[in-house]
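A.B. asks: Quick one: the structure is below, and I'll ask about it shortly.
The values are calculated or read from the model by the stated rules, or taken from the named source; none is laboratory data. Source: prediction; values computed, not measured. Using ideal geometry, Cβ is built from the backbone for each residue, glycine included, and neighbour counts are taken over all protein chains shown. SASA here: full protein model, heavy atoms, side chains in, ligands and nucleic acids out. Shrake-Rupley method; radii C 1.70, N 1.55, O 1.52, S 1.80 Å.
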Amino acid sequence: MFFILLRHGWLSFVRAHYFERSLGIKLLLGFVVFISLWYIYMLGLALPNLLENLFPEEYPHEAFFSLLLFVYGSELLARLFFQKVPRQQAKNYLHLPVKKRSLAGYTLIRSWFSVYNFFLLVFLVPFFLQTLYGPVSPAAFWNALLGCFLISGLNHSLSMFIKTSTGWKPPALIAAGLLIAALILTGYFLLEQLMNFSGQLGLALMQGNGWLFSGLIMAILLFQYVNVKSLVKNFYTLSDQSTKSSELPLYGNFIERLLGKVPVYGVFWELEWKLINRNKRARNNFYQWPVFLPLLVYMFIYIPHQAYSSMTPMLMLFMGSYGINHLQYAFSWESRFFDYLASKNIPLDIFIQAKYYFYAMLALLQFFILVPFILWLNPTVLLLFTGLVLFAIGPAFCLLLYTGVGNSTRIDPNGRSFFNMEGTSGRLFISVFSIFFTLVPVYIVAWILPFGLMTGFSITAGITGLLFIVFNKRWVRATVTRFEQTKYRNLNKYREK
Amino acid sequence: MIRVENLKKQYGQQTALDIDRLTIEKGQLVGIVGNNGAGKTTLFRLLLDLIEPTQGSVFIHEKSVAGNYHWKNLTGSYLDEGFLIDFMTPEEFFYFTARLYGLPKKAVDEKLQVFSRFMSGEILEQKKYIRQFSTGNKQKVGIIAAMLVQPELLILDEPFNFLDPTSQILIKRMLKQENEARHTTMLISSHNLNHITEICTRIILLEKGKIIRDITPESGDMKEIEQYFSINAE
């Protein structure tokens with residue numbers, strides 16, 4: 001039975017809806033996955049140099065080992081946040097005469113195929129090849145690699161244990177984890193001792209310390225045993241989503257009520273805010289951007305003014321991040337309830353304009369948060385960033401909304417967020433890439449203007465953006481016209497599950 | 001109130017609906033019956049301008065539904081879960097819907113009291129999103145939201161599905177009361193002939209997209225419809 005379940009798991013993977021796409025899209029998605037892995041691999045290649053610069057008195061592998069605990073601490077935190085117990089696949093067998101022990105075993109074995117157990121290896125292999133295989137010995141390379149894989153396995157088992165046995169409480173655990181991490185990294189809590197211990201642990205792994213390896217394997221096996229027991233005991237509770245208790249405010253929270261009170265657009269802003277915050281995929285899609293903001297601050301400090309000219313497409317993406325990331329799937333986010341919207345007397349101009357103003361305000365808010373950092377760290381780039389934020393709000397948002405009208409793929413906004421290809425289509429790639437091409441005429445005009453390339457670019461981008469913002473009613477009308485032309489096709493597609 | 005002319009919907013070579021002419025007067029409570037694939041939901045979607053007719057038109061108050069919006073303020077509808085915003089609580093969904101129809105919050109609170117027995121304490125103040133409700137309770141939320149706005153035209157697709165017997169009796173009673181008190185025009189589809197004959201003043205039988213009977217229960221033709229379904233079952 002166990003092997004039949006594994007075979008079913010494999011079939012559910014290869015027959016998943018995201019593989020039911022055209023060859024072109026599959027190739028494109030494969031390319032994106034390859035590029036992502038390539039970046040991680042390149043990071044592994046570059047790390048020895050970086051560590052040599054940061055810790056010149058140590059060998060790169062020693063420096064890395066002293067950070068090993070922090071690397072795997074972060075990995076555990078990410079697992080607690082994002083890794084799921086794949087119990088849903090077992091749910092369909094609960095009413096059949098299948099032993100719960102088999103189901104629990106299958107669930108746990110399947111959980112080992114998680115991407116979290118392998119992605120660090122893509123980074124560690126090139127790093128250890130450079131720092132251990134040649135410089136130390138091939139045995140040290142294999143020992144360190146196996147040791148790191150076992151620590152990852154221990155994290156995996158621990159994460160499964162927390163989620164299956166302890167009544168997983170994400171906010172409390174994450175808050176505690178972040179607090180401890182902050183105390184350690186600011187040096188208030190055992191930073192030096194932990195780094196020493198971490199370094200020795202790494203060296204012991206590299207030397208193939210039998211006790212350490214046995215200890216890791218025993219700990220993994222122990223957790224697996226406890227997890228099987230716990231899963232058998234809690235299967236029905238864990239599989240039943242409806243037993244999740246929720247204490248929601250009946251009429252929304254303060255922000256939702258506040259947005260709802262705004263005349264004309266408020267009703268749609270409230271809807272948008274609820275859509276983002278109450279659905280897993282929409283929420284993760286939206287909130288991943290604040291993580292990148294410190295990168296911008298880092299850029300203001302370390303990157304010279306001249307270097308920005310080659311980074312304008314990426315910087316524009318950052319400046320309009322909330323809107324660009326969300327609007328690229330417009331209007332598929334509403335696909336599950338579009339029949340409802342289409343059967344109501346909703347003025348489309350107001351609906352689309354409300355969406356536009358909502359993301360424009362967010363982009364401006366993000367910009368105003370960054371302004372003090374820009375003025376403090378690198379005031380010379382203020383004009384460029386002003387031009388870019390206006391350009392993002394203007395032509396970029398306009399293009400996404402206009403092309404989004406043709407986006408007829410259905411999205412479950414509450415579906416899982418990682419490796420979820422719902423809503424991804426060739427049309428989407430074209431609309432996102434075409435945003436970058438809109439910068440080409442801006443560069444041409446800037447080159448003609450007598451202010452120098454960067455100043456000319458900033459002014460041209462800013463003025464273009466302003467024109468799109470001021471005359472937004474015109475392009476919104478054009479979007480509405482197109483919307484009405486494609487309404488029936490989109491509605492038909494949105495109904496396809 | 002509703003006029004359908006030469007209405008046809010085809011999917012490739014397959015005809016889902018083909019109605020030469022159909023008129024529904026204000027205040028009629030019309031039951032649409034037919035086996036699976038007869039075209040009931042297709043008819044409702046065409047009435048609501050959610051799918052494009054291959055040919056023909058639907059008129060509400062003598063204006064085509066395609067390209068016009070006036071009829072949307074007069075119409076309440078619930079066909080399936082695509083008519084629910086499932087990340088809202090029922091309270092939020094009711095207020096949101098009412099706001100689109102220009103109804104104030106106070107009016108919603110008053111109207112919700114009418115549905116208190118139908119909700120049987122399982123809809124309001126549950127502190128749950130609609131997606132966390134059972135299928136039957138989702139159905140109730142959808143029906144209430146459609147009726148809450150006191151529409152001139154109410155369209156419900158299989159409203160008795162997933163409901164417990166008590167709720168089925170209650171919804172029938174409420175539909176009849178609403179129809180008598182406000183002369184609301186209603187179109188209701190069901191597989192259950194008993195429900196339809198009990199409340200409807202007119203019954204339309206669809207087969208493979210065509211209207212094959214259009215009768216009133218009083219005319220005594222009900223036996224004919226029952227016979228139709230039993231012959232099909234043999």
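A.B. asks: Could you compute the FRET efficiency for A:Thr380 and A:Leu212, with r as their C-beta to C-beta distance and R0 at 60 Å, rounded to 0.05?
C.D. replies: That gives a FRET efficiency of 0.70.
A.B. asks: Highest mean first, what order results for B:137-144, B:101-108, A:131-138 on Cβ atoms within 10 Å?
C.D. replies: In decreasing order of mean packing, B:137-144, B:101-108, A:131-138 become B:137-144, A:131-138, B:101-108.
A.B. asks: Using a Förster radius of 41 Å, what is the FRET efficiency between A:Ala307 and A:Phe113 based on their Cβ-Cβ separation? Nearest 0.05, please.
C.D. replies: That pair, A:Ala307 with A:Phe113, gives E of 0.50.
A.B. asks: Here's something else I'd like to know. Per the Kirkwood definition applied to all pairs of different Cα atoms, how many angstroms is the hydrodynamic radius of the protein assembly as shown?
C.D. replies: Here the Kirkwood hydrodynamic radius works out to 29.9 Å.
A.B. asks: Using the alpha-carbon atoms, what tilt in degrees (0 to 90, nearest 10) does helix A:210-239 show relative to the longest principal axis of chain A?
C.D. replies: 60
A.B. asks: Please compute the modelled spin-label separation between A:Leu11 and A:Phe55, points set 7 Å along Cα→Cβ, answer in nm with one decimal.
C.D. replies: 5.0
A.B. asks: Could you give the nm distance between label points at A:Phe161 and A:Ala139, where each point is 7 Å from its Cα heading toward the beta carbon?
C.D. replies: Result: 3.1 nm between the two label points.
A.B. asks: Residues of region A:51-98: accessible area per residue at 1.4 Å, in Å²?
C.D. replies: Here the residues of region A:51-98 average 54 Å² of exposed surface.
A.B. asks: When the solvent-accessible surface of protein heavy atoms is calculated with a 1.4 angstrom probe, in what order do A:Arg278, A:Arg482, A:Arg427, A:Arg7 fall, highest first?
C.D. replies: Putting A:Arg278, A:Arg482, A:Arg427, A:Arg7 in descending order of accessible area: A:Arg7, A:Arg427, A:Arg482, A:Arg278.
A.B. asks: Right, next: Show me the GluC sites (Glu not before Pro) within region B:44-108 that DSSP assigns to loop and that have at most 10 other Cβ atoms within 10 Å of their Cβ.
C.D. replies: Answer in residue order: B:Glu62.
A.B. asks: Taking the Cα atoms only, what angle lies between the long axis of helix A:100-111 and the longest principal axis of chain A, rounded to 10 degrees?
C.D. replies: With rounding to tens, the tilt is 60 degrees.
A.B. asks: Further question: Could you do me a favour and compute the accessible area per residue for region B:2-233, 1.4 Å probe, result in Å²?
C.D. replies: Result: 42 Å² of accessible area for each residue.
A.B. asks: Quantify, in whole percent, the carbon and sulfur part of the accessible surface of the protein assembly as shown (1.4 Å probe; protein heavy atoms only).
C.D. replies: Looking at the protein assembly as shown in its full context, I get 64 percent from C and S.
A.B. asks: If one computes the Cα centroid of region B:109-155 and of region A:49-82, what distance in Å separates the two points?
C.D. replies: Result: 55 Å between the Cα centres.
A.B. asks: Here is a further query. Determine the distance separating the Cα centre of region A:325-377 from the Cα centre of region A:290-324; give it in Å without decimals.
C.D. replies: Going from one Cα centre to the other spans 21 Å.
A.B. asks: Sort A:Tyr356, B:Tyr11 from largest to smallest accessible area, using a 1.4 Å probe on the heavy atoms of the protein chains.
C.D. replies: B:Tyr11, A:Tyr356
A.B. asks: What does the helix-only formula give at 222 nm for the protein assembly as shown: each DSSP H stretch with n ≥ 4 adding -39500 (n - 2.57), the total divided by the residues, and the result rounded to the nearest 500 deg cm²/dmol?
C.D. replies: The helix-only estimate for the protein assembly as shown comes to -19000 deg cm²/dmol at 222 nm.
A.B. asks: Please determine, in degrees from 0 to 90 and to the nearest 10, the orientation of helix B:222-233 with respect to the longest principal axis defined by the Cα atoms of chain B, where the helix direction is its Cα long axis.
C.D. replies: 80
A.B. asks: Sorted from largest to smallest, which semi-axis lengths in Å does the alpha carbon gyration tensor of region B:2-233 give for its equivalent ellipsoid, taking the root of 5 times each eigenvalue?
C.D. replies: Working through the eigenvalues yields semi-axes of 29, 21, 17 Å.
A.B. asks: Using a 1.4 Å probe and counting only protein heavy atoms, arrange A:Trp475, A:Trp376 so the residue with the most accessible area comes first.
C.D. replies: Largest accessible area first, the list is A:Trp376, A:Trp475.
A.B. asks: Quick one: buried accessible area between A and B, total over both chains, 1.4 angstrom probe, nearest 100 Å²?
C.D. replies: Interface between A and B: roughly 3500 Å².
A.B. asks: Quick check: the distance between the Cα centres of region B:160-179 and region A:94-154, to the nearest angstrom?
C.D. replies: Using only Cα atoms, the two centres lie 57 Å from each other.
A.B. asks: Could you check the simple spin-label distance between B:Gln150 and B:Val114, using points 7 Å along Cα→Cβ, in nm with one decimal?
C.D. replies: Each label point lies 7 Å from its Cα, and together they span 0.7 nm.
A.B. asks: Averaged over peptide A:483-489, how many Cβ atoms belonging to another chain are found within 10 Å of each residue's Cβ?
C.D. replies: Averaged over the peptide's residues, the number is 2.
A.B. asks: Between A:Phe3 and A:Val33, what is the FRET efficiency for a Förster distance of 22 Å, r being their Cβ-Cβ separation, to the nearest 0.05?
C.D. replies: My answer for the efficiency is 0.20.
A.B. asks: For B:His61, what charge total do you get from the other residues with a beta carbon under 10 Å from its beta carbon, if Lys and Arg give +1 and Asp and Glu give -1?
C.D. replies: Neighbour charge sum, excluding B:His61 itself: +1.
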